[in-house]
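The values are calculated or read from the model by the stated rules, or taken from the named source; none is laboratory data. What you see is a predicted model; the values in this text were computed from it and never measured. So basically every Cβ, Gly included, is an ideal-geometry build from the backbone, and we count neighbours across all protein chains shown. All accessible areas refer to the heavy atoms of the entire protein, side chains included, with ligands and DNA or RNA removed. Shrake-Rupley method; radii C 1.70, N 1.55, O 1.52, S 1.80 Å.
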Amino acid sequence: MSHSPATRRLAAIVVLDVVGFSRLMGADETGTLASLKERWALILEPVVAQHGGRVVKFMGDGALIEFPSAVNAVNAAVELQSKFTAANAALPETRRIVLRIGVNLGDVIGEGSDIYGDGVNIAARLETLAEPGGIMVSGTMHDHVLGKVDILFEDMGEQELKNIAKPVRAHRVAQPGQQLRSPAKPKGASIAVLPFANMSSDPEQEFFADGLSEDLITDLSKVPGLFVIARHSTFAYKGKQIDIRQAAKELGVIYVVEGSVRRSASRVRITVQLIEAAGGGHLWADRFDRNLEDVFELQDEVVGKIVSALSDALPKAAPLPKRRAPNMQAYDLFVRGRVLSMQSPEANIQARAQLERACAIDPTFAEAHAWLAMNLLFGWMYCYQPDSRERVLALARQAVALDPGNAEAHVILGNVLIFNGSGDLDGGRAHFDIALELNPNHADAWLFLADLEVLEGWMDEAVVVGRNAFRLNPHPPPYYHWLFGWVLYGARHYQEVVDTLSRAEAHAVGALRILAAALAQLGRMEEARDTARRFLAAVPDFTIGSWLESMPFRKPEDAAHFIEGYRKAGLPE
């Protein structure tokens, strides 16, 4: 038998997949298969043919499509999403067939009727990054069609794609009427605040310098249209010799803020500069000498001057409301407690005393109350410490009451409502929504929202939302990997769970439980049981039953999926 020789060619590749297909099949297998077959015949195949493409193959709930024209490929993808949306309009949400689509322009290897190679692989990886109902295209495709199609694109920055050697720039297609919420990353309006250097002779003032840097990040995050990298990712450069251009490239930003702080008993000197990273030019720089009690007004002034310097990129930005200045002694305790709360179980306990004193000194300090609630919640959830859930809830509610415009307080209250025993998923979502409206750059809010999506049963959506958190926090703390491992397990991405949790050493106690379940689902039973034994050595009182009592799953079948992995790994009932 003769075979057609393999040939290389440039092609526009479209890869699509049905969101939540397992859930649809579980609810109505026969009806789902019939509906999908009908959609392929009545929508997909005619649209592909109309735009001059060919369906290479159907892959269960997905398809691989090739076009000779990049423009036709993108237009076909947009038309497919439009027609699938229209076909879903009359259906209940539980029966809707929603697509995710990835599009790439690249080299492929053709063998017979099939194609493969990096050109296909990149399209497939981009599909996993697209939102439900969305389209993600590669930078190569974007550059080729820009100005040739009547479509708006949003630059999502460089993305690390599994099994692809180099990062790939991705662009989201903004479809008419699409209301998908995503932290914007507009070109020319992205910024990172590097940790301010402590120029004081007292090394204890390191916390104060870090606190000012973090507060500046928080304030800039509220500026409409400005994409701001999270604190943990910028603090990865603390104490290092920094090449501003390289740091900006690694963080995916255009602008960088750096500065220094010198504090004495009653005075503070702050030097700040705003740098356009590519050219290395200073857009604005200033030095401020103030009384210590005026430092919070100074923070507001610095934010205002940065926004003013970026006025061309941020034409709609308005001055932020001034914050109430907390007691300085309480602030010093707060910045220490905030840093220590999530470092380790031991540091978490040490931080608690600092935050409790801050609240006692300044009972109206909203952030101190919010972080004390977070400290207690974090200690219970991740450090396996005893908790008082009633106290946590009261503190979180008090923080929101003291400052309804504090996004951090809403994030913490949302988390507490979900996990305080009542399992108030709707209440948690409401406060996450408020937090993200106040501060769309709040990486933790995106991460905790992904956690909530798992509990709600929206596994594919959880993965998309979780990736938003990593866009904002590309060098995150270890618990990001732990929580995202949980999300990936819910979506049945078991190998990616294993890959992700290999980077979660600092929170290995929490990571080991999910890692054991994922290994068991992959059939790697010896590794799974060894991992489960290591987890139980750290948490000897763990049982599946007690864990289930604390996890408010909306759907029993989702809880059963986790329990199945735990049982296979040998965790006790």
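Cα centroids of region 13-83 and region 515-573: how far apart, whole angstrom?
Between the Cα centre of region 13-83 and that of region 515-573, the gap is 36 Å.
Just reorder MET59, MET141 by solvent-accessible area, largest first, 1.4 Å probe, all chains present.
MET59, MET141
Ordered by packing density, taken as the mean number of other Cβ atoms within 10 Å over each peptide's residues, highest first, how do 487-499, 266-278 rank? Please list the in-between numbers first.
Working: 487-499: 21.1, 266-278: 17.7.
Order by mean packing, descending: 487-499, 266-278.
Provide Rg and Dmax in Å for region 439-573, with only Cα atoms included in the calculation.
14.1, 45
For region 447-491, what is the relative contact order in percent, using Cα pairs closer than 8 Å and at least 6 residues apart in sequence? The partial results should precede the final answer.
Details: 41 pairs, mean separation 21.9, N = 45.
It rounds to 49 percent for region 447-491.
Could you give each residue of region 389-405 its phi-based ³J(HN,Hα) in whole Hz, using Karplus coefficients 6.51, -1.76, 1.60 with θ = phi - 60°, and x for Gly or Pro?
5, 5, 5, 4, 4, 4, 5, 5, 5, 5, 4, 5, 5, 5, 8, x, x
Given +1 on the Cβ of Lys and Arg, -1 on the Cβ of Asp and Glu, and no further charges, what dipole in debye does the chain carry about its Cα centre, rounded to the nearest 20? All intermediate terms of the calculation are to be shown ahead of the outcome.
Values: 58 positive and 71 negative charges, 112 e Å.
Charge dipole, the chain, about its Cα centre: 540 debye, nearest 20.
Over region 225-289, one equal point on each Cα, no solvent: what is log10 I(q)/I(0) by the Debye formula at q = 0.14, 0.23 Å⁻¹?
Debye output, listed in q order: -0.48, -1.07.
Can you tell me, using C-alpha contacts under 8 Å and at least 6 residues apart, the relative contact order of the chain as a whole percent? Please list the in-between numbers first.
Values: 1044 pairs, mean separation 48.4, N = 573.
Relative CO of the chain lands at 8 percent.
Taking 22 Å as the cut-off for C-alpha to C-alpha distance, list the pairs among LYS37/LYS83; LYS238/LYS305; LYS222/LYS305; LYS162/LYS240; LYS37/LYS57 that go past it. Each step should come with its number before you reach the end.
Values: LYS37/LYS83 15 Å; LYS238/LYS305 24 Å; LYS222/LYS305 15 Å; LYS162/LYS240 29 Å; LYS37/LYS57 14 Å.
Over 22 Å apart, Cα to Cα: LYS238/LYS305; LYS162/LYS240.
³J(HN,Hα) across region 428-433 via Karplus (A = 6.51, B = -1.76, C = 1.60, θ = phi - 60°), whole Hz, x for Gly/Pro?
In residue order, the calculated couplings are x, 4, 4, 6, 5, 4 Hz.
Can you give me the long-range amide H partners of PHE227? Hydrogens built in the peptide plane at 1.01 Å from N, cutoff under 5 Å, separation of 5 or more residues or another chain.
The answer is SER190, ILE191.
Determine, at each q value in 0.11, 0.17, 0.18 (inverse angstroms), the log₁₀ of I(q)/I(0) that the Debye formula gives when each Cα of region 47-174 is one equal point scatterer.
-0.37, -0.90, -1.01
Which residue, LEU126, SER35, ALA90, has the largest displacement toward the positive end of the dipole of region 6-147 when charges sit on each Cβ (Lys, Arg +1; Asp, Glu -1)?
Looking along the dipole axis, the top candidate is ALA90.
How tilted is helix 206-221 with respect to the longest principal axis of the chain? Cα atoms for both, answer in degrees (0 to 90, nearest 10).
For helix 206-221, the angle is close to 50 degrees.
Can you give the charge dipole size of region 77-127 about its Cα centre, rounded to the nearest 20 debye, using +1 on the beta carbon of Lys and Arg and -1 on the beta carbon of Asp and Glu? Numbers along the way, then the final one.
Working: 5 positive and 7 negative charges, 86 e Å.
Once rounded to the nearest 20, the dipole reads 420 debye.
Please give the FRET efficiency for ALA6 paired with ALA560, using the beta carbon to beta carbon distance and R0 = 41 Å, rounded to the nearest 0.05. Working shown, then result.
Working: r = 45 Å, r/R0 = 1.10.
Given R0 = 41 Å and the Cβ-Cβ separation, E is 0.35.
Of the GluC sites (Glu not before Pro) in region 415-482, which ones lie in a loop per DSSP and count no more than 11 other C-beta atoms within 10 Å? Numbers along the way, then the final one.
Working: sites: GLU437, GLU453, GLU456, GLU461; in loops: none.
Here no loop site has a sparse enough neighbourhood.
Could you tell me the center-to-center distance, by alpha carbons, between region 193-210 and region 119-137 in angstrom?
Region 193-210 and region 119-137 have Cα centres spaced 43 Å from each other.
Please express the Cα-Cα pair-distance distribution P(r) of the chain as a list of whole percents, one per 20 Å bin, running from 0 to the bin with the greatest distance.
Per 20 Å bin, starting at 0, the Cα pair percentages come out as 19, 50, 28, 3, 0.
Please work out whether region 522-570 counts as rounded, prolate or oblate from its C-alpha gyration tensor, where a ≥ b ≥ c are the square roots of the eigenvalues and a/c under 1.5 means rounded, while otherwise a/b larger than b/c means prolate and anything else oblate? All intermediate terms of the calculation are to be shown ahead of the outcome.
Values: a/c = 3.56, a/b = 1.37, b/c = 2.60.
Verdict is oblate for region 522-570.
Kirkwood-based Rg over Rh for region 384-445 (C-alpha set), two decimals?
Ratio of gyration radius to Kirkwood radius: 0.97.
Would you mind giving the average projected area, over all directions, of the Cα convex hull of region 111-171 in nm² with one decimal? Mind showing how you got there, number by number?
Numbers: hull surface 21.1 nm².
Across all orientations, region 111-171 yields a mean hull projection of 5.3 nm².
With all protein chains present and a 1.4 Å probe, how do THR94, THR543, THR364 order by accessible area, largest first?
Working: THR94 90, THR543 45, THR364 70 Å².
So, going from the largest accessible area down, we get THR94, THR364, THR543.
Could you run the Karplus curve 6.51 cos²θ - 1.76 cosθ + 1.60 with θ = phi - 60° over region 346-359 and give me ³J(HN,Hα) per residue in whole Hz, x for Gly and Pro?
5, 5, 4, 5, 4, 5, 4, 5, 5, 5, 5, 5, 4, 5
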